[in-house]
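Below: the structure, in structure tokens.
The values are calculated or read from the model by the stated rules, or taken from the named source; none is laboratory data. What you are looking at is a predicted structure, and each value in this text was computed from that prediction instead of being measured. Glycine also receives a Cβ, built like all others from the backbone with ideal geometry; neighbour counts cover every protein chain displayed. Each accessible area value is taken on the protein alone, full model and side chains, heavy atoms only, with ligands, DNA and RNA left out. Shrake-Rupley method; radii C 1.70, N 1.55, O 1.52, S 1.80 Å.
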Amino acid sequence: MAARRTLVSASILDADLADLENEARKALKAGSNRIHLDVMDGHFVPNITFGPGLIKRLRCIGKKPFDAHLMISEPGRYMDQFIDAGCDSITFHVEVEEPIEPTLLKIRKAGRQAGLAVKPGTPLSALEPYRDLLDIVMVMTVEPGFGGQSFMRDAARKILPAHGYLADRVSGQVHVDGGVNRRSAALCGRLGAEVLVVGSTLWKKGHDIAREIALIKALADEGYRSGFGKTAVDPGEPG
Ligand code: DX5
Ligand code: ZN
């Protein structure tokens, strides 16, 4: 069997929040390559989750990469704390109304991967000024704020061109976040996404986490092998 290309970053947003340590361990044991941590401040998005203190505490589960996804209005103000918490990558939103470049530089200076996320309605051109500073471009395929929403195929069109905004095309990664499951994985792979953020489908009653992750990776890899660069997004395809 060919080596797997697509990585999964399990989002613990819809896991048992009272037992996050075990839930994160479970996701890694089931084949997740990374853990995706959704930080929300009730201001940038209409939901509140957790902060750097909880992430730091979760580091006890081991060395697998932690991806922080900051849906907060003032990432610059809290960046030292997220760096100190042991995040391997830190992604915040290009839509924030504060200077972005100094925060990206701070993340990189700390030796972590720096990323910017784009909401479904934001064009990739918003990333233009930060081209040389991005290790990660995170394409949101739902409106940020909640797990369990439907994958937006129109927003997925940005996955392929997002690669053009990475500082280094070899080590850089495009992450796709929102509504990724068995139905949308092949399209994400076909468009060349390196990391799929997978949330609610892992935690649904009756779902076997290991089976979901294996299927999603296999479908994405198959999409990449058979369709990368060949096929455009067909908005009529079932989502
Ligand atoms: C939504 C979060 C996502 C979410 C994904 O704002 O950024 O990471 O947890 O969950 P699903 O896979 O259910 O869309
Ligand atoms: Zn997220």
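With helices as the sole contributors, the chain gives -8000 deg cm²/dmol at 222 nm; each DSSP H run of n ≥ 4 counts as -39500 (n - 2.57), and the sum is divided by every residue.
Excluding same-chain pairs closer than 8 in sequence, count the lysine pairs in segment 7-227 whose Cα atoms lie under 24 Å apart. Lysine pair count for segment 7-227: 28. Overall size of the chain from C-alpha positions, given as principal axis extents largest first: 43, 40, 33 Å.
Using a Förster distance of 25 Å, how high is the FRET efficiency between Q149 and K109, based on the Cβ-Cβ distance and rounded to 0.05? The pair Q149/K109 has a calculated efficiency of 0.10.
Sequentially through segment 128-144, phi angles give Karplus couplings (6.51, -1.76, 1.60; θ = phi - 60°) of 3, x, 10, 2, 7, 10, 9, 8, 9, 10, 9, 8, 7, 10, 9, 5, x Hz, Gly and Pro residues having no value and appearing as x.
With Cβ to Cβ distances under 13 Å as the rule, what net charge do the other residues near R169 carry (K, R +1; D, E -1)? In short, -3. Couplings 3J(HN,Hα) of segment 36-44, computed from phi: 9, 10, 8, 9, 10, 10, x, 10, 5 Hz, in residue order, whole Hz [Karplus 6.51 cos²θ - 1.76 cosθ + 1.60, θ = phi - 60°; x for Gly and Pro]. Averaged per residue, the chain has 44 square angstrom of accessible surface, using a 1.4 angstrom probe with ligands and nucleic acids left out.
Computed extension length for N47-E98: 16.3 nm, one decimal, from 0.36 nm per residue of separation with the Cα-Cα distance subtracted. Our analysis of segment 8-114 gives Rg over Rh at 0.95, with the two radii drawn from alpha carbon positions and Rh computed by the Kirkwood formula. Extending 7 Å from Cα along the Cβ direction at A210 and again at D19 yields two label points whose distance is 1.8 nm.
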